[in-house]
Amino acid sequence: MQREQHLSNAALLARRQAAVARGVGHAHTIFAERAANAEVWDVEGRRFIDFAGGIAVLNTGHGHPKVIAAVKAQMDRFTHTCFQVLAYESYVELAERLNALAPGAWPKKTLFLTTGAEAVENAVKIARSYTGRPGIIAFGGGYHGRTNMTLALTGKVAPYKLGFGPFPSDVFHATYPAPSRGITVDDAIASIEALFRNDIEASRVAAIIAEPVQGEGGFNVAPPDFFPRLRQLCDAHGILLIADEVQTGAGRTGTWFACEQLDATPDLITSAKSLAGGFPISAVIGRADVMDAPAPGGLGGTYAGSPLGCAAALAVLEVFEEENLLARARHLGEKLTSALRTLARRHRCMAEVRGLGAMVAVEFGRNADLAQPDAETAKKVVAACAERGLILLTCGTWGNVVRILVPLTASDAIIDEGLAILASALGHVGVA
Ligand SMILES: Cc1ncc(COP(=O)(O)O)c(C=O)c1O
């Protein structure tokens, strides 16, 4: 088909609605034309500042020159062999690098896949294979993907699970702590112990899977003693601990893995999203003895650990070192948190600002009350920001949390410009 000369968002939206399944949601009705670092231009030539980063994928920004150069060089050599058929060094080197970065004073091994959901699926397979047990405990408000197994693990019904059951069995949900809502770590641990009494004996549980900061669930940060308590419980019952770092990983929170800040070392870590700066690759990294439980041929996939993804991820690791992006994530986290808290003092609808490193969000609640979630205002603010040239995303159990996942490579000037748009949008929406 010949490409239209003058594309408009409205015309493309009409074509999209006619041609694409409606189940694929859209946060914005904007069609991208090109992007660079933390800026995107749409098909009508409008410029936007990107505080969404393609949902946590662009810690190194859109089209980082080093990442693009690495992928182009790889494309000139070969684009696909399937690692199980003809292996390549970049896969092995990336595994070596991630094994060295992951916490834990034991030998580690890594498996590469393509999407975050696939990494979680494989972490579950590996945990079941190692322990010989079926049960998996996940958490309410957790998000682990859209495949059948990961939907079973995901702790939010609408829109993810609606109408898609039945889901795999032997998956149970415990309560994730939320101190500002009065849910303590004791409550969370008690909810797991209740599962052991009411649903599945501890000796049949293979793994507990938890996000260090719940991403889609609303940027709920694990209190400092939560993962250590999970670790104790796992050790007491021979259960493996899986940290799902698909959203928190690859430097977003100020350390390469958020679990480095947890005072508890997981047996397995899942990673994806920003790992390859916009190219699809995901990973399971973990204890070598656990990772080696499945027999040869039990793990893998046609595109798993694609050479393009490996080349991109190795370049991302270099960019992190050269541009000191872990320190930048911590600096941005402080800058964003302090700016949002200043706005929250003026707007009572901003009930809580929270986050870890540069994974920062604000939860909207009427009269600054978390018990009165205000998704309507959150949506209006995101829409008003988009009208003014800032892309943001919502998340959270009630859809009332606005999250920031801006590239860590964004300049202070761009961050300030984005924050000024947010301030103006809040004024425009006219919220108290
Ligand atoms: C914590 C977590 N796990 C798993 C996934 C699924 O990743 P993907 O969408 O790449 O399958 C996501 C995606 O948002 C996520 O945030």
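A compact table of results
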quantity	calculated
10 Å-binned pair-distance histogram of the range 122-223 (Cα, whole percent)	16, 46, 35, 4
Set of lysines near LYS72 by C-alpha distance (under 22 Å), chain-local residues within fewer than 8 positions excluded	LYS273
Check: the chain dipole with +1 on Lys, Arg Cβ and -1 on Asp, Glu Cβ, in debye	880 debye
5 angstrom amide H check on ALA174, placed H, neighbours 5+ away	ALA138, PHE139, GLY140
Around GLU318: net Lys/Arg minus Asp/Glu count, Cβ-Cβ under 11 Å	-1
Signed unit charges on C-beta, dipole axis of the range 150-256, positive-most listed residue GLY165, ILE239, ILE209	GLY165
Relative packing of 8-16, 344-352, which averages over residues the other C-beta atoms within 10 Å, highest first	344-352, 8-16
Under the span-like rule (Cα at least 20 Å along the axis, Kyte-Doolittle mean at least -0.5), DSSP H helices of the chain	116-131, 307-322, 325-346, 412-429
The range 319-383 - Debye-derived log10 I(q)/I(0), Cα point model, q = 0.13, 0.18, 0.26, 0.29 Å⁻¹	-0.42, -0.67, -1.04, -1.17
Loop trypsin sites (Lys or Arg not before Pro), the range 90-158, which have at most 15 other Cβ atoms in a 10 Å radius of their Cβ (DSSP)	ARG146
Protein-only accessible surface order, largest first, of TRP398, TRP256, TRP106, TRP41 at 1.4 Å	TRP398, TRP106, TRP41, TRP256
Two-decimal Rg to Rh for the range 228-380 - Kirkwood Rh, Cα set	1.06
The range 216-313 - convex hull of the alpha-carbon atoms, volume per residue in Å³	124 Å³
Shape parameters for the range 354-429, alpha-carbon atoms, Rg then Dmax in Å	12.4, 36
When the convex hull of its Cα atoms is projected in every direction, mean area for the chain (nm²)	21.2 nm²
Positive-end residue, the chain charge dipole about Cα centroid, Cβ charges, pick of ALA311, LEU101, LEU408	LEU408
Theoretical ellipticity at 222 nm over the chain - DSSP helices of four or more residues, -39500 (n - 2.57) apiece, nearest 500	-12000 deg cm²/dmol
Chymotrypsin sites (Phe, Trp or Tyr not before Pro) lying in DSSP loop within the range 178-227, provided at most 10 other Cβ fall within 10 Å	none
At most 10 other Cβ within 10 Å, DSSP loop - GluC sites (Glu not before Pro), the range 28-82	none
With 5 Å bins from 0: P(r) over the range 1-144, alpha-carbon pairs, percent	2, 6, 9, 12, 15, 15, 14, 12, 8, 4, 2, 0
Accessible-area ranking of THR409, THR147, largest first, probe 1.4 Å	THR147, THR409
Residue among ILE209, ILE192, ILE414 with the largest mean-square fluctuation in a Gaussian network model of the chain, springs linking Cα atoms under 10 Å	ILE414
Cα-based convex hull, the range 269-334, per residue volume (Å³, whole number)	109 Å³
The range 1-64 shape via C-alpha gyration tensor axes, a/c threshold 1.5	oblate
Accessible area in the full protein assembly, largest first, 1.4 Å probe, for SER169, SER282	SER169, SER282
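The values are calculated or read from the model by the stated rules, or taken from the named source; none is laboratory data. Keep in mind the model is a prediction, meaning the values are calculated, not measured. We place every Cβ from the backbone using ideal geometry, glycine too, and count neighbours over all the protein chains shown. Note: accessible area is taken over every heavy atom of the protein model, side chains too, but ligands, DNA and RNA are not part of it. Shrake-Rupley method; radii C 1.70, N 1.55, O 1.52, S 1.80 Å.
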